Amino acid sequence: MKFLILQHPGHNRVYYNAADKLALAELKIASTKLSVTIQNLAIEEIARVRYLTFESDTPLNDDDFIIISRLSFIFAIYSLEGDMLSPIEAFPYHYVNPKIGTLLKYHGKTNELFTKMMVNIAMLSSDYTLHDTIEMLDPCCGRGTTLFEGAVYGYNSYGVELDLKAVQEGTLYFKKFLEEERYKHKTDSRQVAGTSKADATYIYEFEYTKSKKETVQKRFGMICGDTQEMAKYFKNNRFHLIIGDLPYGIYHHNTRDERAMRNPSELLEVSLSEWCKVLKQGGIIALAWNSFLVSRVKLVELFEAKGFEVLSSEAYCELEHMVDRSIKRDVLVARKV
């Protein structure tokens, strides 16, 4: 049987133009988690409409359709029999309404569909399953775009950011969203590091559920702190996923280093060991960066020197794309072994 996936039109023309090969790479990675073997993965145009297509000689089960439904680019799914397209209902997996990632606007914000793709690829590449309670960390979270996408998937999402204003804006936005969507929630602010008030580091944390009937609460938290001191804020081996968008060559609020860490390799040199401490065995780090600043080869060497296994099959090497004339974005995915 042949399946057709209609891609999400997106909210950004530049990203949509690059979305073909990114969506195909994500589908290839997802295919390794399916219960059946799929083949002939391709991009096809039918009646001037672009689709991602694949074929399977064996029926897909419910878990397979859940994996497909969670892909970042999904807009609609069809099966093709002769000339007839039959719609297939996508599985509803959203814990938080996906609009949460679209409403907060600010300069320099990463496209939320790209962020969702990173979160999904990291999960698909890890040693964990969709049935596990996933803890996710963004080590340079800004106002929280990655954390919001983690919340959509139902993950407990945490971030660290040095810019207090960004943390305040992100947590205020999340609080208002929970209130407007009528989620049952409570907030907490407490010290997680420091010996005095002068050097104290605080976490702003939420516990929330869709309704009073739910017994398992989701968590969301942001820390105004230094990413180089990650192990002071969280216990070792806590997170299943670490996902971040590294500086593209401009000042990035994630560390107190006076050089402002304009180059992603500098940031990783001083921070990666700390991030590794809080990542679980078999967990994944997925990081986006500007490959004009540092090559993939350089970052691979750095990660391998720190004891990571960099995933390098064909699909993982097809994620590079142009954002503008000064930014060529790529994604590196590595497993803690």
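Nothing in this text is a laboratory measurement; each read-out follows from the coordinates by a stated rule. Predicted model, so just to flag it, every value in this text is computed and none were measured. We place every Cβ from the backbone using ideal geometry, glycine too, and count neighbours over all the protein chains shown.
So if I place +1 on the C-beta of Lys and Arg and -1 on the C-beta of Asp and Glu, and nothing else carries charge, what would the dipole magnitude of the chain be about its Cα centre? I want it in debye, nearest 20.
Details: 42 positive and 45 negative charges, 214 e Å.
About 1020 debye.
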Quiz prompt | For region 107-223: Kirkwood Rh in Å [reciprocal of mean 1/r, alpha carbons] | solution = 15.1
Quiz item: Put a dot 7 Å past each Cα toward the Cβ at Glu320 and Leu85; how far apart are the dots in nm?
Solution: 3.4
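List the relative contact order of the chain as a percent without decimals, with contacts defined as Cα pairs under 8 Å and 6+ residues apart.
Contact order relative to length: 15 percent.
For region 2-88, what Kirkwood radius comes out of the mean inverse Cα-Cα distance, in Å? Numbers along the way, then the final one.
Details: mean 1/r = 0.0751 Å⁻¹.
The Cα-based Kirkwood calculation yields 13.3 Å.
Over all alpha-carbon pairs in the chain, figure out the percentage whose distance exceeds 30 Å.
Details: 19563 of 56616 pairs.
That tail contains 35 percent of the Cα-Cα pairs.
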Quiz item: What lysines sit close enough to Lys212 to cross-link, taking a C-alpha to C-alpha distance under 29 Å and skipping anything fewer than 8 places away on the same chain?
Solution: Lys99, Lys116, Lys175, Lys176, Lys184, Lys186
Exercise. Sort all Cα-Cα distances of region 51-117 into consecutive 10 angstrom bins from zero, then give the percent of pairs in each bin up to the one containing the longest distance.
Key: 15, 44, 26, 13, 3
Quiz item: With each pseudo-label sitting 7 Å past Cα toward Cβ, what's the Asp62-Asn237 distance in nm, one decimal?
Solution: 3.3
Exercise. Provide the packing ranking of 68-78, 136-146, 311-321, 238-248, i.e. peptides ordered by the mean count of other C-beta atoms within 10 Å per residue, highest first.
Key: 136-146, 238-248, 68-78, 311-321
Exercise. Using Cα centres only, tell me the gap between region 24-90 and region 178-203 in whole Å.
Key: 42
